[in-house]
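Right, one structure below, let's go through it.
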Amino acid sequence: MTKIAPSILSANFATLADEIKDVEADSDYIHVDVMDGHFVPNITIGPLIVDAIRPVTDLPLDVHLMIENPEHYVSAFAEAGADIISVHQEACPHLHRVVQQIKAEGVKAGVVINPATPVSQIEPILGDVDLVLVMTVNPGFGGQSFIDSTLSKIESLKELKDKHLYHYEIEVDGGVKAETAKKCVDAGAEVLVAGSAIFNQDNRSDAIKNIKSSLK
Ligand SMILES: O=C(CO)[C@H](O)[C@H](O)COP(=O)(O)O
Ligand SMILES: [Co+2]
């Protein structure tokens, strides 16, 4: 069963608790996009917001760190209530150390690759992570168009997972909507992050059902 992770990046931050409640029943994770204005051009959410939304939902908080030096903030996000913390390969010269740091906090560890980063860059760490996030847009903003060349990387990650019996989930993020979701799942994606395709719609439940029915 494909999981759905609405990205609150496209939600109304003035009513964030209500926005999360609105998608909770149809979703599996809540995806939280953390941007620092350095690794990506945008600035968004810090541990304070994760702490504030933690009591709002029992769904796992899937925290996507688009920040430089993520090792400085792993503890703060774990203490704030993150269930999964994912870091970009491109931001981590000592990736293995950061993954171990996340796991030592008792949190699931994910690794993320940008559209231009090949799977080979993360191959040595695949046996250690709980989630691999394939960016299907360049990180920094919601509402961008899906990049088709990322599909072959999803296929490679599925092949490597099956071959080595790795346990990571394959997640995709960026430009995911009813028109693009099926090709991700056919390639091997197990978790679909969607922001604008859900929160920019009046009826969020229908928007999620629309994505799910596109997979049939
Ligand atoms: O990490 C992200 C951007 O860097 C977001 O999770 C992603 O862009 C979701 O937005 P949309 O579904 O509108 O593309
Ligand atoms: Co994201």
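The values are calculated or read from the model by the stated rules, or taken from the named source; none is laboratory data. Computed from a prediction, not measured in an experiment: that's the story for all the values here. Glycine gets a Cβ as well: all are built from the backbone with ideal geometry, and neighbour counts include every protein chain shown. We work out accessible area using only protein heavy atoms, side chains counted, and drop any ligands, DNA or RNA first. Shrake-Rupley method; radii C 1.70, N 1.55, O 1.52, S 1.80 Å.
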Worksheet item: If one computes the Cα centroid of the stretch 108-158 and of the stretch 49-85, what distance in Å separates the two points?
Response: 20
Discussion item. Among ALA181, ALA189, ALA116, which one shows the highest mean-square fluctuation when the chain is modelled as a Gaussian network with alpha-carbon springs under 10 Å?
Written reply: ALA116
Worksheet item: Along the stretch 151-156, what does the Karplus equation 6.51 cos²θ - 1.76 cosθ + 1.60 (θ = phi - 60°) give for ³J(HN,Hα), rounded to whole Hz, x for Gly and Pro?
Response: 4, 5, 6, 5, 4, 4
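At 1.4 Å probe radius, can you tell me the per residue accessible area of the chain in Å²?
Numbers: 9420 Å² over 216 residues.
Averaged over the residues of the chain, the accessible area is 44 Å².
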Worksheet entry | With DNA, RNA and ligands ignored, accessible area of VAL87 (1.4 Å probe; Å², nearest 10) | 0
Worksheet item: Considering the chain as a Gaussian network with a 10 Å cut-off on Cα pairs, which listed residue, VAL129, VAL74, VAL40, attains the greatest mean-square fluctuation?
Response: VAL40
Discussion item. Given axes a ≥ b ≥ c from the Cα gyration tensor, I'd like to know whether the stretch 35-146 is rounded (a/c under 1.5), prolate (a/b larger than b/c) or oblate.
Written reply: oblate
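Considering only the stretch 3-213, what is the antiparallel percent among its DSSP beta bridges, to the nearest 5?
That works out to approximately 5 percent antiparallel.
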Practice prompt. Please report the orientation-averaged projected area of the stretch 125-216, defined via the convex hull of its C-alpha atoms, in nm².
Written response: 6.1
Discussion item. What is the sum of charges, Lys and Arg at +1 and Asp and Glu at -1, for the other residues whose Cβ falls under 15 Å from the Cβ of PRO118?
Written reply: -3
Worksheet entry | Whole-Å distance, taken between Cα centres, linking the stretch 1-46 and the stretch 193-216 | 14
Discussion item. Order 30-38, 10-18 from most to least packed using the mean count of other Cβ atoms within 10 Å.
Written reply: 30-38, 10-18
Worksheet item: According to the Cα gyration tensor, what semi-axes, each the square root of 5 times an eigenvalue, does the equivalent ellipsoid of the chain have, listed from largest to smallest in whole Å?
Response: 23, 22, 15
Worksheet item: Carbon and sulfur atoms: what percent of the 1.4 Å accessible area of the chain do they account for?
Response: 48
Worksheet entry | Over the stretch 3-213, relative contact order from alpha-carbon pairs under 8 Å, at least 6 apart, % | 20
Practice prompt. Would you compute, from DSSP H runs of 4+ residues alone, the mean residue ellipticity of the chain at 222 nm, taking -39500 (n - 2.57) per run and dividing by the full residue count, rounded to the nearest 500?
Written response: -9000 deg cm²/dmol
